[in-house]
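Accompanying notes for the structure given below.
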Amino acid sequence: MLEQIKEPNDIKDISEERLYGLANEIRRFLIRTISNTGGHLASNLGAVELTIALHRVYDLPKDKIIWDVGHQAYTHKILTGRIDEFQNLRKEGGISGFPRRSESECDSYDTGHSSTSISAGLGYVKARELTGADYDVVAVIGDGALTGGMAYEALNNASLIDKNFVIVLNDNAMSISKSIGGMADYLNEIRTSAHYRDFKEGVTSALKSIPVVGEHVVERLRKTKSGLKQLFIPGMLFENMGITYLGPVDGHNIRHMIKTLRTAKKVQGPVIVHVLTHKGKGYAPAINDPSKFHGTSAFDLNTGEAKSESAKTYSDVFSETVMEMAKENKKIVAVTAAMKEGTGLSEFAESYPKRFFDVGIAEEHAVSFSTALALGGMLPVAAIYSSFLQRSFDQVMMDACMQNAHVIFAIDRAGFVGEDGKSHQGLFDLSYLNMMPGMTVMAPKNGIELAQMLKFAQELKGPVAIRYPKGKASNSLDDISSEIITGKAEIIKNGKEVAILAVGAMTEVAVKASEMLRKAGIEPTVVNMRFVKPFDEETVCTLAKENKLIVTLEENVKNGGFGMNVLELLNRKNIDTNVYIGAVEDHFVSHASISRQRELNGLDEDSVAEKIRELMSR
């Protein structure tokens with residue numbers, strides 16, 4: 001049946017009875033494909049029937065389906081005619097792992113971060129009203145994303161509209177990790193209370209069967225807050241906000257979902273369709289370990305094990321170090337925003353359950369919460385991905401920095417992150433952290449230095465950010481290790497005429513580029529800056545006076561980054577020398593391998609060496 005899906009809405013030509021067979025075909029295709037390409041597996045396997053039902057009921061691209069986060073939209077891409085492009089999923093030039101408007105008219109909103117779909121849906125609803133257009137709007141949001149504060153801001157506004165707006169709550173009791181908190185408990189109560197719905201329907205039928213007065217009694221009860229709804233509908237939180245609640249619905253029963261969605265389309269006003277799904281459905285390894293198969297590399301189809309050899313990652317180094325620190329320092333607590341496994345805090349959570357806090361997908365809350373923990377006498381280590389920390393910009397600045405709270409921000413996935421693409425690159429943290437008064441910013445050259453910096457951060461005062469990359473922890477330059485002193489750089493190689501000032505992972509690139517240059521008769525000085533704020537102004541000024549060319553290297557956007565700081569310093573000190581800033585220009589970086597992203601942005605060793613040769617020849 002997949003061969004019949006060439007364009008949007010082709011699914012409408014397949015009989016309803018055969019849709020379950022289509023769902024099985026899609027699952028087999030996804031498992032086989034992602035085992036080769038890598039990608040988001042568990043979330044997509046859980047949303048197959050839901051997506052089929054949505055495409056059966058709505059007309060694309062006229063109608064707007066907005067996927068929160070969007071990592072569960074693979075079936076949506078298949079049903080809109082992109083199946084042949086999956087061989088290049090998340091590869092350079094291939095389709096994205098998330099909805100992208102540049103790919104298809106059927107992708108109505110670019111996503112990648114959480115808790116945004118209801119706000120976006122409301123925007124479309126109001127645009128529809130103001131332009132007089134005629135289309136339906138559906139926002140699909142997961143129970144994990146519903147822990148994000150932005151979702152409640154949007155729900156608060158959604159209750160005010162009087163036009164149809166469907167919110168599909170895809171409830172699988174998971175975000176990346178298991179969903180936690182009050183909303184998770186509330187939804188769990190609804191899941192386990194499906195018999196209330198059956199009981200309510202039975203009572204309603206019985207009352208309606210009473211001659212003459214039955215219908216009147218039911219109608220009066222419906223209008224009474226303390227009546228039938230209050231007693232028998234488990235979704236009263238939404239109902240009391242003025243949002244009609246339908247469900248819970250079996251998210252793998254296509255027929256039932258189609259019927260419910262058609263009912264939802266008739267509601268004048270906002271309506272939530274609560275759908276229960278199973279993350280990883282159809283593939284036992286993903287069912288047993290949905291967190292592992294949330295975002296996975298290529299894996300063996302039979303065993304579910306990764307095809308590539310696992311090596312110690314920077315997240316592993318962080319995990320081991322913070323465990324060691326916590327054993328010695330009872331004040332250390334760990335905070336994460338629904339990323340316990342991803343940030344390497346699973347062992348900490350098991351060993352120190354009372355000192356571990358997973359706040360759900362709520363980075364803003366995580367930072368303010370950590371700030372108060374610090375002010376209350378604890379030493380919080382807040383482990384958050386770079387691209388997600390930017391969501392809490394205000395809290396980092398106004399709470400942690402303004403109050404000089406001693407919070408250690410462990411910023412994972414800083415720099416290029418590869419296949420997840422535009423929304424997940426950690427290329428902005430140096431710029432936005434650099435502008436914050438009182439913030440200390442460090443970046444290690446390898447895994448050993450990450451461990452040293454984490455321990456060193458304990459002794460500092462005020463907020464401290466340590467940014468480190470995704471993937472294998474480098475063991476390059478392990479033999480070079482000097483004492484860490486606040487604001488002081490480390491000289492890796494001494495040379496003449498040109499000095500390369502490298503930040504974090506760029507130190508290894510700088511060393512490799514310098515080795516290539518030495519063969520061409522150019523002998524650069526290589527510096528591991530260690531600190532971006534405060535950085536070693538004395539060393540930079542000395543090198544600027546002694547060399548014809550200063551080159552800065554950072555996996556960060558150029559605007560507001562380390563290189564700009566160096567330029568400002570030399571201008572302020574009236575030091576006249578040539579400066580080249582190696583950084584990402586003013587654009588978003590698309591999906592490709594990390595090595596290829598470096599190459600495309602002139603930050604691999606070959607590009608750096610060639611650029612220096614070119615500049616020195618002038």
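Tell me yes or no: at least one residue of the stretch 433-446 is farther than 27 Å from R598 by Cβ, open to solvent by 20 Å² or more (accessible area, probe 1.4 Å) and in contact (Cβ under 8 Å) with a residue 24 or more places away in the chain. Scanning the stretch 433-446, I find at least one residue that is farther than 27 Å from R598 by Cβ, open to solvent by 20 Å² or more (accessible area, probe 1.4 Å) and in contact (Cβ under 8 Å) with a residue 24 or more places away in the chain, so the answer is yes. Kindly indicate whether any position in the stretch 269-280 is within 23 Å of the chain's Cα centre (by Cα), within 28 Å of E419 (Cβ to Cβ) and surrounded by fewer than 21 Cβ atoms within 10 Å (Cβ to Cβ). Checked the stretch 269-280: at least one residue is within 23 Å of the chain's Cα centre (by Cα), within 28 Å of E419 (Cβ to Cβ) and surrounded by fewer than 21 Cβ atoms within 10 Å (Cβ to Cβ). Is there a residue being basic (K, R), open to solvent by 30 Å² or more (accessible area, probe 1.4 Å) and touching a strand residue (DSSP E or B) at 6+ places or on another chain (Cβ under 6 Å) anywhere in the stretch 529-543? Yes, the stretch 529-543 contains a residue that is basic (K, R), open to solvent by 30 Å² or more (accessible area, probe 1.4 Å) and touching a strand residue (DSSP E or B) at 6+ places or on another chain (Cβ under 6 Å).
In the set (1) among the small types (G, A, S); (2) crowded, with 19+ Cβ neighbours inside 10 Å; (3) touching a Pro at 6+ places or on another chain (Cβ under 8 Å); (4) more than 28 Å from G93 (Cβ to Cβ), the condition left unmet by A473 is number (3).
Here are some conditions: (1) more than 25 Å from V125 (Cα to Cα); (2) part of a helix (DSSP H, G or I); (3) open to solvent by 50 Å² or more (accessible area, probe 1.4 Å); (4) not acidic (D, E). P285 meets all but one. Which one does it not meet? Tallying (1) more than 25 Å from V125 (Cα to Cα); (2) part of a helix (DSSP H, G or I); (3) open to solvent by 50 Å² or more (accessible area, probe 1.4 Å); (4) not acidic (D, E), P285 fails exactly one: (3). Name the residues in the stretch 70-90 that are closer than 19 Å to K12 by Cα, in a loop (DSSP other than H, G, I, E, B) and either touching a residue at least 24 places away in the same chain (Cβ under 8 Å) or of a type in the set (A, V, I, L, M, F, W, C) (or both), would you? Listed by number, the residues that qualify are A73, T80, G81. Can you tell me which residue in the stretch 571-586 is farthest from the chain's Cα centre (by Cα), limited to those that are under 13 Å from T552 (Cα atoms) and aliphatic (A, V, I, L, M)? Only one residue tops the list, namely V579.
Evaluate the stretch 91-109: report whether one residue or more is outside any loop (DSSP other than H, G, I, E, B), of a type outside the set (S, T, Y) and in contact with a Phe, Trp or Tyr (Cβ under 8 Å, 6 or more places away or on another chain). No, every residue in the stretch 91-109 fails to be outside any loop (DSSP other than H, G, I, E, B), of a type outside the set (S, T, Y) and in contact with a Phe, Trp or Tyr (Cβ under 8 Å, 6 or more places away or on another chain). None of G560, G504 is open to solvent by 10 Å² or more (accessible area, probe 1.4 Å), under 30 Å from D412 (Cβ atoms) and in contact (Cβ under 8 Å) with a residue 12 or more places away in the chain except G560. Scanning the stretch 86-108 for residues that are open to solvent by less than 70 Å² (accessible area, probe 1.4 Å) and at positive phi turns up just one, R90. Residue selection: K266 fails the criterion of being basic (K, R), under 30 Å from S474 (Cβ atoms) and at pLDDT below 95. What do you reckon, is L130 within 20 Å of I272 (Cα to Cα) and either crowded, with 22+ Cβ neighbours inside 10 Å or out of contact with any Asp or Glu (no Cβ under 8 Å at 6 or more places or on another chain) (or both)? It is false that L130 is within 20 Å of I272 (Cα to Cα) and either crowded, with 22+ Cβ neighbours inside 10 Å or out of contact with any Asp or Glu (no Cβ under 8 Å at 6 or more places or on another chain) (or both). Search the stretch 7-37 for residues being of a type outside the set (S, T, N, Q) and open to solvent by less than 10 Å² (accessible area, probe 1.4 Å), and hand back the single one that is farthest from G251 (Cα to Cα). The qualifying residue farthest from G251 (Cα to Cα) is I34. Going residue by residue through the stretch 266-286, is there one that turns out to be free of Cβ contacts under 8 Å to residues at least 60 places away in the same chain and touching a strand residue (DSSP E or B) at 6+ places or on another chain (Cβ under 7 Å)? Checked against the condition, which is being free of Cβ contacts under 8 Å to residues at least 60 places away in the same chain and touching a strand residue (DSSP E or B) at 6+ places or on another chain (Cβ under 7 Å), the stretch 266-286 yields no hits at all.
The residues on offer are E508, E585, E538, and the sole one that is out of contact with any Gly (no Cβ under 6 Å at 6 or more places or on another chain) and over 24 Å from I484 (Cα atoms) is E585.
Taken over the stretch 140-153, the criterion of being touching a Ser or Thr at 6+ places or on another chain (Cβ under 6 Å) and farther than 22 Å from L276 by Cβ is satisfied by M150 alone. Can you spot a residue in the stretch 331-351 that is in contact with a strand residue (DSSP E or B) (Cβ under 9 Å, 6 or more places away or on another chain) and more than 23 Å from T147 (Cβ to Cβ)? Within the stretch 331-351, one or more residues are in contact with a strand residue (DSSP E or B) (Cβ under 9 Å, 6 or more places away or on another chain) and more than 23 Å from T147 (Cβ to Cβ). Just one of the listed residues (F393, F428) is surrounded by fewer than 23 Cβ atoms within 10 Å (Cβ to Cβ), among the aromatic types (F, W, Y) and under 26 Å from E490 (Cβ atoms), namely F428. When residues in the stretch 340-353 are screened for being in contact with a helix residue (DSSP H, G or I) (Cβ under 8 Å, 6 or more places away or on another chain), open to solvent by 10 Å² or more (accessible area, probe 1.4 Å) and on the phi < 0 side of the Ramachandran plot, 7 of them pass.
In the stretch 366-382, the residues that are among the β-branched types (V, I, T) and modelled with pLDDT of 95 or more reach residues that are open to solvent by 40 Å² or more (accessible area, probe 1.4 Å) and not in a helix (DSSP H, G or I) with C-beta atoms within less than 7 angstrom, at least six apart or across chains, in these pairs: T371/Q403.
Of everything in the stretch 289-306 that is free of Cβ contacts under 8 Å to residues at least 40 places away in the same chain and open to solvent by 30 Å² or more (accessible area, probe 1.4 Å), the residue that is farthest from A374 (Cα to Cα) is N302.
The values are calculated or read from the model by the stated rules, or taken from the named source; none is laboratory data. Note that the structure is a prediction, hence the values are computed from the model and not measured. For neighbour counting, all protein chains shown are included, and Cβ atoms are generated from backbone atoms with ideal geometry for every residue, glycine included. The accessibility values were calculated without ligands, DNA or RNA, using every heavy atom of the protein model including side chains. Shrake-Rupley method; radii C 1.70, N 1.55, O 1.52, S 1.80 Å.
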